[in-house]
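Report on the structure given below.
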Amino acid sequence: MSCPETTTLIDHVDGELTENQRRELSFHLEGCAVCTSVVEELGRISARLGPDEDEWAEVDLVGAVSQRIEQREQQPAGRDTAKLPATRRGRRRWLPWTVGGLAAAAAAALLVVLVLPALRQRAAPPHTSRPGVDPGGFAIRGGKDDASAARKWVKLWIYRSTKRGYRPVRDRLPADARLVFGYRNAKAELRQLMIVAVTAQGQRYWYYPAMKANAPASSSRTGVPIRLGKHELPDETRHPLPSGELRLYALFARRALTVGEVGTALNRLQKGARAATGRGKAKAGVLELPGVIVLTRELQVGTAR
Amino acid sequence: MKLHVVHSAEPASERLEQLGDDELMLLVKRAEAGPRHRAAFDVLVRRHQRLVLTYADRYLGDRERALDVAQESFVTLWEARHDYRPEGRFRSYLLAIAHNRCRERSRHERGQQRRADALRLQGGGAGGEPATDSEDAGDAPLSALLERERAAEVRRRLAELDDKTRQALVLRFANELSYDEIAEVTAGRVGTLKSRVSRGLARLRQLLAEEYRA
């Protein structure tokens, strides 16, 4: 056997040869002092890069890290996202994960809803000033060309809690699913988020902000503040959902809407849908409300895949 | 309508050590709720500090800077805790933070060095010898001292490789990660990474051979 390429010797040192290749090379090395020398040299180099057993035995970073965090938190500077791993920052799939925080959720306690069919929104050009459209803002209207514009601005991720962690919800979920949400917001004007699910029979389940048992006055404003970028909502919420269709609405709004605004809009939508289908099933229609983007997801409650 | 908001049962502090990284991060994200969640973060720091320190030390080739950058990496982890998603190994995420910090430090120092060199040239001042490590040799046997010096030389030479090659070699040999894990940290392909490690090791051997010949 002629001497193998250096890359083969490196693969040998790196433990990347197959069993057959390794056997063959070992046989060659027994009779080749040159290759043996190279392998030994490469082995020494890789070992010298390797960890030393007691290298950091006396080091404990906990105190120093805590001190830096405290110092940093006393400074008014914003978060330094540039230092986050780019590999994860840009990924499509990101997993929001929960955290109880019942107090905050219950305090926020209210719901809001506006309904628009999924991905049927559109941004009006800035400085539009016609009725129903916020001057200098944007409006959401029907039309299939609107989907891409909306998608650029907002996105919602839905996950359910399982024993093995959080799994993305695609089209099915179990009736007792604990849901958690994440969002992406690329439009600074969008500052409030509400999430509500509506069954085929018109029952509403408020996920964000959480609905209190005693609904507040219809004039109360509600909404969860949102920021630019990708973030997760801090609560893991479970409703006793009935089996069947479920439509989940995420409302990205520029202001906290009142309970009355949302409730009325949703009622109107459901009423219109019932009249249209004649089967009592809620079906999303178009609701024009300035400054609100609504994303919807059709889900099937039952056994999750 | 009844709402159920689920509270995850919080483990007792003494059981934090038994939790997995993702579970600890879940608690860390609730840091506003109290000191207990900082305890979860402390467990993560203690658990992974050696990994981060080793990475930073090999990448930067300097222990003191490694200590500083490792601390900064954990601070970044804390500040970005709400952005963490358990979609891979936690330590891959942490090593990616550490790499960004190392690279940033490295660039910053190269810039400073260039400015210092320019000033020296303008002023005609003497550059002087670079500071050398003043490690205490103590009573270590000669063979151990020689080995330490050779290891230091390999690690110094590592700094001459490009960023990606250096990263791959450190993750492979210093952190002893599998290629799958390296792919997670770097968002690269396993095949590409294997080639990179292979080329890097060959280049390192070449650099060291040149040094011995000189």
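What follows is calculated from the coordinates using simple rules that are stated; it is not laboratory data. If you're wondering where the values come from, they're calculated on a predicted model, not measured in any experiment. With ideal geometry, Cβ positions are generated from the backbone for all residues, glycine too; neighbour counts draw on all protein chains shown.
Worth pointing out:
- Cα centroid separation, the stretch B:19-87 to the stretch A:43-64: 17 Å.
- Inter-chain Cβ neighbour average for residues B:88-96, partner chain, 10 Å: 2
- Summary of packing: across the peptides B:51-64, A:237-250, A:59-72, the per-residue average of other C-beta atoms within 10 Å ranks them, highest first, as B:51-64, A:237-250, A:59-72.
- Average beta-carbon neighbours from other chains, 10 Å sphere, peptide B:195-206: 4
- Neighbour-count ranking [beta-carbon atoms within 10 angstrom, fewest first] of A:Thr258, A:Thr7, A:Thr18: A:Thr18, A:Thr7, A:Thr258
- Separation of the alpha carbons by more than 29 angstrom is noted, of A:Lys187/B:Lys29; A:Lys163/B:Lys164; B:Lys29/B:Lys164; A:Lys155/B:Lys194, for A:Lys163/B:Lys164; B:Lys29/B:Lys164; A:Lys155/B:Lys194.
- Partner shielding of A:226-232 amounts to 2, given as the average count of beta-carbon atoms from other chains within 10 Å of each residue beta-carbon.
- Residues A:Arg191, A:Arg48, A:Arg170 arranged by fewest to most Cβ contacts within 10 Å: A:Arg170, A:Arg191, A:Arg48
- In this structure the amide hydrogen of A:Ile226, modeled in the peptide plane, comes within under 5 Å of the amide hydrogens of A:Gln192, A:Leu193, none closer than 5 places in sequence on its chain.
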